[in-house]
Amino acid sequence: MSKVVVVGGGVSGLIASIVASQKHEVILLEANDKCGKKILLTGNGKCNYWNQDIHIRNYDTDHYDNLDTILKNQEEVYSFLESIGIYPKIKNGYYYPYSNQASSVRTILIKELERRKVKVIYQFKVEKIQKEENQFILKSSNQELACDQVILATGGKACPKTGSDGSGYFLAESFHHCIDKVTPSLVPLKANDSSLKDWDGVRCDSKVSLYIDNQKIKEEVGEIQLTDYGVSGICIFNLSGCATRSLEQKKAVSLHINFLPSLETDFDNWFQARNKQIPNHTLEELLESILPYKLMLVLFKKSGIRKEDSWDTLSEEKKAQFIKTITDYELEITESLSFDRCQVTAGGVSLSEINPNTMESLIIPHLYLVGELLDVDGKCGGFNMAFAFISGYIAGRSISC
Ligand SMILES: Cc1cc2nc3c(=O)[nH]c(=O)nc-3n(C[C@H](O)[C@H](O)[C@H](O)COP(=O)(O)OP(=O)(O)OC[C@H]3O[C@@H](n4cnc5c(N)ncnc54)[C@H](O)[C@@H]3O)c2cc1C
C-alpha cells in the first residue's frame, strides 16, 4: 500500500482518487473549498459527461497514437461510472445524467470518495512539489505533506474562476515536462467585419468552413450565433481550437459561412425557380421565409443591393455577388475570447512524455498526469469530460505499491 496524493478535485482527480483508494491510502488536495466546481457548469448545468463516439477523430492532440491507447479503456471506465450510480439519458449519442442535473454527477463522485474514506484537504493550493529520494513533498503557502506517489489533476486554464488557473503547468514544468503552447478552445471567435453591429443577436443554421492561410481545413454544420464581436455557437466552438492555435502561429484565419446550408447548391437556378413560383415579388419578399430578417438586411447591404430590387432587375454580376455573400460569406478572424470564456484548454503537457497505459510520467517515476492538464482537447459533446474520466481512471488503477 502506498500513500498517494491527488492534486486537484475536478473530474479527473475525483475519479483517480476513487479508483486509487481501492488499494492505497489516498489524500486529495483541492485549492477551493469544494470539489468539482466546474462540473456544475458543464452542459449548461445538465453535464454532458460522455459520448457514444469516443474516438481520436473527435480530439486534437499532437500524439494520436498515445491518445488512441488511452481511449481503448473507455468501456471499462464507462462500466465503472455506471457501477457507482451514474445513470445516463442519451440524446443523439450525447450522454447526460438521467436527472438532467450536473449536480447529480458531482454528488455521486463526492459520496463515493466519502464511502471509500478518501481524505480531502480543502484550500490546499499546491505551489511546489519536490522529490526527495523516494518521497514527494507537496507545499502550499502554509502547509506541507509527504507521500510516495502523486497524481497531478489540476486541469488547464479554462474558466479559472472554477480553480483551474494554470498552476499545474508550473508544477509539471518543475519536473522538466514540456508544455505545448496553451490556447483557449471551445470558445467564441472575434472577427473584423463591417456587419457585426448589424447582425448582433441573430441565430441561424449554417455550414461554416475554417480556412487557414487560404486553405480549407475543417467544416461544421449547425446553429451559429452572430454577435457584435464575431461568432459563437457549437459549430464555431468546434473550429475554435484549430483557429486559436493558428492565430498564435501568426497564420491568416478566416471562416466561410453558408447561410443556406440545406438548400440546393445551384443558387442561380434556385432564385430563378423561386422568382417564377412567386413572380413580381421583391428580393425581400422572396427571402422573407428563408432567412432571419436582420441577417437578410445585412446580406443586401454587403452585396450593395436594395431590398426593393427584384431578381430580374439585378445584373449578372450583382446576382453572382449576392449568391456568394449568402453562401460563402468570408469573415476574417482576429482572435478568440479569453480563457474566462472558453470551455477547454488546447495544448498542455505533451502526451509523448506520458506512458499511455498508466498515465505515469516518463520523466519522473511515481508521478502521474491526467485530464485537461494534458495536450488533448475534444469537440463539444462530452468528449472532454470523458477524457478526464478515462485518464484519471487509468492513473488510479495503475498506481503500484
Ligand atoms: C462552462 C463549461 C462547460 C463545459 N461543458 C462540458 C460538457 O458539457 N461536456 C464536457 O465533456 N466537457 C465540458 N467542459 C469541459 C470539462 O468540464 C473539462 O474538460 C473537465 O472538467 C476537466 O477536468 P479536469 O479534472 O482535468 O480539470 P478541472 O475540472 O478544471 O479540475 C481541476 C481541479 O484542480 C484544482 N486545482 C488546480 N490547481 C491546483 C493546485 N495547484 N492545487 C490544488 N488544487 C488545484 C482546481 O481547483 C479544480 O478543482 C466544460 C467546461 C466549461 C468551463
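I'd like the residue in region 32-60 that is within 11 Å of the ligand (Cβ to nearest atom) and either among the hydrophobic types (A, V, I, L, M, F, W, C) or not assigned by TED's automatic domain parsing to the domain that holds residue 383 (or both) and, out of all such residues, is most open to solvent (accessible area, probe 1.4 Å).
Checking each candidate, the answer is 41.
Out of region 232-278, which residues are over 18 Å from residue 215 (Cα atoms) and either in contact with a Pro (Cβ under 7 Å, 6 or more places away or on another chain) or not assigned by TED's automatic domain parsing to the domain that holds residue 321 (or both)?
232
Do we have residue 29 as within 13 Å of the ligand (Cβ to nearest atom) and either among the polar types (S, T, N, Q) or assigned to a helix (DSSP H, G or I) (or both) here?
Details: within 13 Å of the ligand (Cβ to nearest atom): yes; either among the polar types (S, T, N, Q) or assigned to a helix (DSSP H, G or I) (or both): no.
For residue 29, the condition - within 13 Å of the ligand (Cβ to nearest atom) and either among the polar types (S, T, N, Q) or assigned to a helix (DSSP H, G or I) (or both) - is not met.
Residues 392, 304: which one is small (Gly, Ala, Ser) and either in contact with a strand residue (DSSP E or B) (Cβ under 9 Å, 6 or more places away or on another chain) or not assigned by TED's automatic domain parsing to the domain that holds residue 281 (or both)? Lay out the reasoning, then the answer.
Values: 304 fails: either in contact with a strand residue (DSSP E or B) (Cβ under 9 Å, 6 or more places away or on another chain) or not assigned by TED's automatic domain parsing to the domain that holds residue 281 (or both).
Step by step, each of 392, 304 is checked, and only 392 is small (Gly, Ala, Ser) and either in contact with a strand residue (DSSP E or B) (Cβ under 9 Å, 6 or more places away or on another chain) or not assigned by TED's automatic domain parsing to the domain that holds residue 281 (or both).
I'd like the residue in region 353-377 that is polar (S, T, N, Q) and outside any loop (DSSP other than H, G, I, E, B) and, out of all such residues, is surrounded by the fewest Cβ atoms within 10 Å (Cβ to Cβ). Break it down into steps so the answer makes sense when it comes.
First pass over region 353-377, keeping only residues polar (S, T, N, Q): 355, 357-358, 361.
Retained after the next criterion (residues that are outside any loop (DSSP other than H, G, I, E, B)): 355, 361.
Values: 355: 14, 361: 21.
Only one residue tops the list, namely 355.
Conditions tested, residue by residue: (1) under 20 Å from residue 38 (Cα atoms); (2) of a type in the set (A, V, I, L, M); (3) outside the structural domain of residue 389 (by TED's automatic domain parsing).
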{"position": "86", "(1), (2), (3)": "yes, yes, no"}
{"position": "90", "(1), (2), (3)": "no, yes, no"}
{"position": "94", "(1), (2), (3)": "yes, no, no"}
{"position": "110", "(1), (2), (3)": "yes, yes, no"}
{"position": "118", "(1), (2), (3)": "no, yes, no"}
{"position": "126", "(1), (2), (3)": "yes, yes, no"}
{"position": "135", "(1), (2), (3)": "no, no, no"}
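Please enumerate the residues belonging to region 371-401 that are touching a Gly at 6+ places or on another chain (Cβ under 8 Å) and either more than 18 Å from residue 185 (Cα to Cα) or at pLDDT below 95 (or both).
Within region 371-401, 391, 392 qualify.
Looking at 96, 78, which one is hydroxyl-bearing (Ser, Thr, Tyr) and assigned to a strand (DSSP E or B)?
Working: 78 fails: assigned to a strand (DSSP E or B).
The unique qualifying residue is 96.
The values are calculated or read from the model by the stated rules, or taken from the named source; none is laboratory data. In this text the structure is predicted, and so the values were computed from the model without any measurement. Glycine also receives a Cβ, built like all others from the backbone with ideal geometry; neighbour counts cover every protein chain displayed. Quick note on the areas: whole protein, heavy atoms, side chains included, nothing else; ligands and nucleic acids left out. Shrake-Rupley method; radii C 1.70, N 1.55, O 1.52, S 1.80 Å.
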